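For reference, the structure is listed below as C-alpha cells.
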Amino acid sequence: MTYADILALSWKNIKGNKLRTAITVIIIALGIFALILIITAIQAASNSLTNSFSTMGSNAFSIRFKERSFNFGHRNRASAAKSTKKALNERNSNLGIPISYEEAITFKKRFEFPGSIVGVALRGPAGVVVNTNQSKTNPEINIYGGDENYLDLNGYAIAIGRNFTSTEINAGVNVCMIGSGVATKLFSDNPAKAIDALIRVDHIPYRVIAVLGEKSSSAFFNTSKVVITPFNNVRRIFASQNVTYNLAVKVNDLKKMNVAIGEATAVFRPIRKLTVRDADNFYIDKSDSIAESLLTNLGFLEKGTIGIAFITLIGAAIGLMNIMLVAVNERTKEIGLAKALGATGVTIRSQFLFESVIISLMGAVAGIISGVLLGNLVALLLHTGFVIPWGWVISGIFVCFAVGLIAGLYPAMKASKLDPIVALRYE
C-alpha cells in the first residue's frame, strides 16, 4: 500500500468513530485554545498599551517625585517584603516629597539644554462633566493643566484655534482647549462653533480657545475626552495642598537623551536642596518606561498561560494514547486480516500513527481558530487591529503534531507486532 492509501484508510477509520474522535479533538483543542486565546488577548493589550503611551516620543522624559508602580493580582510574601524594604529606602532618601510650584518653575527657567523644550503640567480632577446650555458630556472628562509646550510634549495638535499665551498661563485665566471627543459631544453639528464658546467644566465657566485634533486612543486612555487649561488655573481652582507638579523634557536628538537626563538631574538636585551625599529624591521617567512595566507584567501572565496549556496538552496526550490503545483492541481481528493479506508491520504502524496525528492536528486547528476569534474580542474592545499570533499558531501546530506522534507511537508499535494468527482468533 502507498502512503496515500494508508492515509485514506486512516481518515476512513477516524470518520467511522465520530463520537470518540470529537471527544479527543475537544480535549486537545482546549489546551491550544487556552494558549492562543490568552496570547492573542495579551498581544491586543500590548498593542493598545503601546498606542496609549506613544503620547510622548522616545526622545522625551519626565521628572516625577516618585516612580509609578503597576501591579497585577496579589503580590507574594517575598515581593511584599521587597516592597517594604523599597518603601523604607524611599523614606530614607526623602523620595515621595511632591514637586512644588516654585521647584517646577525654577527648573524650567534653569534648564537650558540645547534643542530641548520643557513643560510644566498639573493633573486636575478626573471624571467631571462638561456642559453648555444645550448639551453636556458624561462624567468621564479629565482635566489637565499645562503650559505652551504641553501639546508638543504630549503629542497633541490643534485642529482649530490657538495655543495658550504667556499671559494666560501666568495669570491662570479661565480658558481651555478641548479634545475632539468633547467638541463632538457638545457641538455635534459643527465642532468649529466651539471656538470662543462658553462652556462649564465641573460647573466653572471657561472660554474655549482651541479644539484638538484626533489622537490615537485606547481602552486604557481616551485622549479625546480631555480639557486642557493653564496649569496656574488648575493650581488656583482645583489643586490641593499635597499637589505635585510634573516636568517633561523633549530633546531634538534621540542620541542626546542620556546626556539631557544627566543635565536635568544636575540642574534639579540643587533645586530640591540635595547635597552631594544625598540620594535623588525624584524619579526620571522615560516615555516608554510605563509601557515596559505593564508589558513585563503581561509577560508573566503569558508564561503562566504556557504552563497551563502544557499541562492540558499532557492530559490530552494521555487521553489520545488511551483511545488509540482501545482502537487497537477493537480492531485486532481487522489487523490480523490485513496482515494475512500481506500488510506489513510498517503499514499497520503508519496507519495508527496517521490516525493519531490527524486527530491531534484537528484539535490544533479547532483550538487555534476558536482562540484567535475569541481573543480578538479583546482587540475589538481595546480598539486595536485584528491580531494573529503567527509564531504561537505555528508552534501550536508543531506541538500538536508531536503530541499526536508521541501518543500514537506505542499503540502503533503494539498493533504492528500482533501475530496475524492470534489476531484472527481474537474475539
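The values are calculated or read from the model by the stated rules, or taken from the named source; none is laboratory data. Just so it is clear, the structure is predicted and the values come from calculations on it, not from any experiment. Heads up, the Cβs are rebuilt from the backbone with ideal geometry, glycines too, and the neighbour counts pull from every protein chain shown.
Do the conditions hold for SER360, that is, is it in contact with a Phe, Trp or Tyr (Cβ under 9 Å, 6 or more places away or on another chain), hydroxyl-bearing (Ser, Thr, Tyr) and surrounded by 20 or more Cβ atoms within 10 Å (Cβ to Cβ)?
yes
Please find, among ILE143, ILE169, the residue that is buried (at least 18 other Cβ atoms within 10 Å of the Cβ), in contact with a strand residue (DSSP E or B) (Cβ under 9 Å, 6 or more places away or on another chain) and not in a strand (DSSP E or B).
Just a single option satisfies the conditions, and that option is ILE169.
Might you check whether a residue that is in contact with a Phe, Trp or Tyr (Cβ under 7 Å, 6 or more places away or on another chain), surrounded by 12 or more Cβ atoms within 10 Å (Cβ to Cβ), modelled with pLDDT of 90 or more and part of a helix (DSSP H, G or I) occurs anywhere in the stretch 275-296?
no
Can you tell which of LYS303, LYS255, LYS215 is modelled with pLDDT of 70 or more and not assigned by TED's automatic domain parsing to the domain that holds VAL128?
LYS303
This table checks each residue for (1) assigned by TED's automatic domain parsing to the domain that holds ASN47; (2) small (Gly, Ala, Ser); (3) touching a residue at least 60 places away in the same chain (Cβ under 8 Å).
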{"position": "LEU341", "(1), (2), (3)": "yes, no, no"}
{"position": "SER350", "(1), (2), (3)": "yes, yes, yes"}
{"position": "GLU355", "(1), (2), (3)": "yes, no, yes"}
{"position": "TRP392", "(1), (2), (3)": "yes, no, yes"}
{"position": "GLY404", "(1), (2), (3)": "yes, yes, yes"}
{"position": "GLY408", "(1), (2), (3)": "yes, yes, yes"}
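Conditions tested, residue by residue: (1) assigned to a loop (DSSP other than H, G, I, E, B); (2) under 20 Å from LEU247 (Cα atoms).
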site: ILE117; (1), (2): no, yes
site: ALA121; (1), (2): no, yes
site: PRO125; (1), (2): yes, yes
site: ASN138; (1), (2): yes, no
site: ALA159; (1), (2): no, no
site: VAL173; (1), (2): yes, no
site: SER188; (1), (2): yes, no
site: ALA192; (1), (2): no, no
site: ARG200; (1), (2): no, no
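Kindly indicate the residue of the stretch 232-274 that is in contact with a helix residue (DSSP H, G or I) (Cβ under 7 Å, 6 or more places away or on another chain) and in a helix (DSSP H, G or I) and also farthest from TYR101 (Cα to Cα) among those meeting that condition.
VAL267
Kindly establish whether ILE105 is aliphatic (A, V, I, L, M), assigned to a loop (DSSP other than H, G, I, E, B), within 24 Å of ILE63 (Cα to Cα) and out of contact with any helix residue (DSSP H, G or I) (no Cβ under 8 Å at 6 or more places or on another chain).
no
May I ask you to say which residue of ALA379, ALA340 is small (Gly, Ala, Ser) and surrounded by 16 or more Cβ atoms within 10 Å (Cβ to Cβ)?
Step by step, each of ALA379, ALA340 is checked, and only ALA379 is small (Gly, Ala, Ser) and surrounded by 16 or more Cβ atoms within 10 Å (Cβ to Cβ).
For the stretch 313-427, give me every one of the helices (runs of 4 or more DSSP H) that falls completely inside it and has 3 or more residues that are touching a Cys at 6+ places or on another chain (Cβ under 8 Å).
345-381
Hey, could you check the stretch 172-212 for residues that are surrounded by fewer than 16 Cβ atoms within 10 Å (Cβ to Cβ) and among the charged types (D, E, K, R) and say which is modelled with the lowest pLDDT?
Among those residues, the one meeting the criterion is ASP189.
Can you name the residue in the stretch 394-427 that is in contact with a Lys or Arg (Cβ under 6 Å, 6 or more places away or on another chain) and not hydrophobic (A, V, I, L, M, F, W, C) and is also modelled with the lowest pLDDT among such residues?
Here the answer is TYR426.
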